[in-house]
1. Name the residues in segment B:186-205 that are at the interface with chain A (Cβ under 9 Å from one of its Cβ atoms) and either in a helix (DSSP H, G or I) or surrounded by fewer than 24 Cβ atoms within 10 Å (Cβ to Cβ) (or both), would you?
2. Residues of segment B:403-432 being outside any helix (DSSP H, G or I), closer than 30 Å to residue B:169 by Cβ and within 12 Å of another protein chain (Cβ to nearest Cβ), which ones?
3. Restricting attention to segment B:26-64, which residues are of a type in the set (Val, Ile, Thr) and part of a loop (DSSP other than H, G, I, E, B)?
4. So which residues in segment B:42-77 are over 22 Å from the mean Cα position of the chain (by Cα) and under 22 Å from residue B:295 (Cβ atoms), if there are any at all?
5. Go through B:131, B:104 for me and flag whichever is over 23 Å from residue A:189 (Cα atoms) and touching a Gly at 6+ places or on another chain (Cβ under 6 Å).
6. Can you name the condition, by its number, that residue B:162 falls short on among (1) away from chain A (no Cβ under 14 Å); (2) in a loop (DSSP other than H, G, I, E, B); (3) modelled with pLDDT of 90 or more; (4) out of contact with any Phe, Trp or Tyr (no Cβ under 8 Å at 6 or more places or on another chain)?
7. Only residues that are more than 29 Å from residue B:35 (Cβ to Cβ), of a type in the set (S, T, N, Q) and either not assigned by TED's automatic domain parsing to the domain that holds residue B:150 or not in a helix (DSSP H, G or I) (or both): list them for segment B:208-249, please.
8. Tell me which residues, restricted to segment A:174-188, are surrounded by fewer than 21 Cβ atoms within 10 Å (Cβ to Cβ) and within 11 Å of another protein chain (Cβ to nearest Cβ).
Amino acid sequence: MLLDKGPSAAVEATEPAVLHFNWSASEHWIPLALTAVAFFTWLLATRSNKFWAALIGLNAATVAGYTAWCAYNHLWLPETANDLGAEVDGLFNLVLFLTSIFYFITQAVLIYTMVQKPPANGRAKPVHGNHTLEIAWMLVPAFFLAVIAIAQLPTWAKMKGQTSDSSIPVGYDPTTDSSDLLVTVTGKQWEWRMRYADPAKAKPTNPLLWASTPATDDVHAVNELHSWQGAKVRLMLRTTDVIHSFFMPQFRFKQDMLPGKTIPALLRTDKTNINSDGTERCWEIACAELCGGNHYRMRGKVVVHATREDFMRWLSETKTKQTARKDSLAAATKPSDTPAGKE
Amino acid sequence: MAWLSVTGLAVTGGILGCGVVEIPDGVVYPLRSNPLINLEKAPATAPPAFPPPGKPEVSLRWLADQGVAILNPADLDSHEWGKAWRDEVNTFLIGQFGTPAKPRVGNEGSAAAAIGKLSTSLNLAPAVLERGSKQYRRLCLHCHGLGGEGAGATSGWLNPLPRDFRQGEFKFISTAEHKLETGNQPLKARPRRVDILRTLHQGLDGTSMPSFALLAEEDIQALASYTLHLSIRGEVEYWALYYALRQDTETIKAIEKDPKKEAQARTARFLAGALEWEDPEADVEDFVAKTKDKLLTAGMEKLLDRLLREYAAADKNPIQPMADPYGDAPTTSQSLANGLKIFQVQCVNCHAGYGRQSALRFDNWGGVVRPANLTTPVYKGGRRPVDLYYRIFRGIPPCGMPKANLQDGDPARQAWDLVRFLLAIPYPETLPPEIRQQIHGGAKQ
């Protein structure tokens, strides 16, 4: 891996696989182009109400079509990596659905008021002081807000519940920790240092204490969070300097790391990101809290192995490297580097 | 109309930062302007503290107060010969090392370029360096600076300071002490390529240098090559300016003979320096006679050649760790007791209180460093046992950490006792009671 590949091998550019918005994909330009065309048409058009109404109608139709198209093709949100993530997406879609309804209603009312015939006296009828209307526009939103508030309760409970099985437990009890894997994630400017407790060994009696006092046989890694399909991973979130935010978009997981605190989080890795052909889908870790000049490059990746055996293989490989008493790289760079004509 | 909208969108895209902005060809590496430290006289007293945040230059003032010579390149401006000297150095550097947009080592077709290109351990082909330069500007520049001066925008607020590559010195190396094929010592302790790669892969734990392991391997390789490029460029510049500025007795005597010929006197000193190191037999006078004009340039060319061979040679002289006599067996109490005994002879002077009460000291860059606190499992140069072995048996030359000197008995056993002891210090629960008592006191269990 660390072998010199000779001068020519290094020329070909390969960007690291990262999650990004594909600006070059033509589908994203369609609504922008339509909007631009509409804008210039407006500049030229006569300012009749009917034209305005048509424009607003066209806009609403474009937005609706684009939204539906993106949702259908899964362009808005990255892949979901566990059940909790899917629930969060469900809530997102619920809110989107409710707001869409009212978007179309308001657009329809707007268009209706523009195209209907003006009253004979040329004056609009004021609605100020209409109690029925006022009660209606208080009760209807209140109802829908209540729906959202109630609908999110189970998900919220799974995230910030009292039990240690919550995603970010409010009342964490180290004695009832039921996780399969313990990892301390320490954010520092500008990387994530991961420390794994070997799951083949006895679990530390107090994971919270373990997070601040490393053990001799811990396995250290940088920027790579490994797990296996079906595992419950206890993440002990810490920081050595400023506030960082540990964000894994695929898990819909985001939690600040606060100086002086150890935050126990539970991550369920229900799905593997290793494809059947052995390639890996990029599941990114990013810092979601501006933490200094190099904030942008505080980035890592999650690897959920298909089986526990695969994970243990990775762990033992890392451990072997970590406990090397010989430089395993020494042989790699030795041969064939005689400077021209010197020896 | 359609064209107008397309143009409008393109302009918006440009403003938002779509597309890659390349560094213009005309941007050149800045010639060194910050002071050089004359290392010939070691500082007598330790620094009082770390420099305050944002003011790393304060430590140079502390050094100056102790009578350590601080050589300021700006002083060259006060002499006609000095300006000419500086211009010659600058022309040479641009000619041999190119620009950030088009970096290279050695002129097209020169011997230096051939070494850099052909040696796979250096891997200094222009295409590789160009790729490295691009990544460097994206990821490294704002701490390490455009020319590798370690003074990027954020550098002043970091402790330890980002490395200034231009001295050709590296802290965490696994190169054995060796001689060049000419029989000389290398000018400085050189890193092997894997040492630089290790730092790029793992970062330096406990410092602001992060891991770049998730980059494409080709990018990491290119960054390692580019680091070498900056180091070699910087070191040629370093020695050329060093001899233009330093005031040792011999130089002063030579200048006093004929004050008008200061440039010639200093060039001779520079040549003596460069050639003497390379080949004690070489006759400076002879070299001077052969090279009728541009003596300084000829000297710098020789120096560049030498540096390239030094880096190539470093790669072929790794420390070969003695086999661990205990193999994979767990550490025994006896081993720890032996390690402690060696520690108390070899290490405790600097790592007082197992590093908790280490006294500060100056490093070769004029900065302030503190010997590591070994009671926390944070190891800048890597946490593998072999990394600790390298630190013990090579030391950290630029910071004055000497290599351990194990004489009596079985050296392999002693070495690995010490490594095993160091790795156990941070974990009180793994230590036998009497050693735990000694290191951690009674309180910590």
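The values are calculated or read from the model by the stated rules, or taken from the named source; none is laboratory data. Remember, it's a predicted structure, so these values are computed and weren't measured experimentally. We place every Cβ from the backbone using ideal geometry, glycine too, and count neighbours over all the protein chains shown.
1. B:193, B:194, B:197, B:198, B:201, B:202, B:203, B:205 - these are the residues of segment B:186-205 that are at the interface with chain A (Cβ under 9 Å from one of its Cβ atoms) and either in a helix (DSSP H, G or I) or surrounded by fewer than 24 Cβ atoms within 10 Å (Cβ to Cβ) (or both).
2. Those that are outside any helix (DSSP H, G or I), closer than 30 Å to residue B:169 by Cβ and within 12 Å of another protein chain (Cβ to nearest Cβ): B:425, B:426.
3. B:27, B:28, B:45
4. Hits for segment B:42-77 are B:75, B:76, B:77.
5. Testing whether each residue is over 23 Å from residue A:189 (Cα atoms) and touching a Gly at 6+ places or on another chain (Cβ under 6 Å) leaves just B:104.
6. Unmet condition: (1).
7. B:211
8. Once the filter is applied, which keeps residues that are surrounded by fewer than 21 Cβ atoms within 10 Å (Cβ to Cβ) and within 11 Å of another protein chain (Cβ to nearest Cβ), segment A:174-188 yields only A:186.
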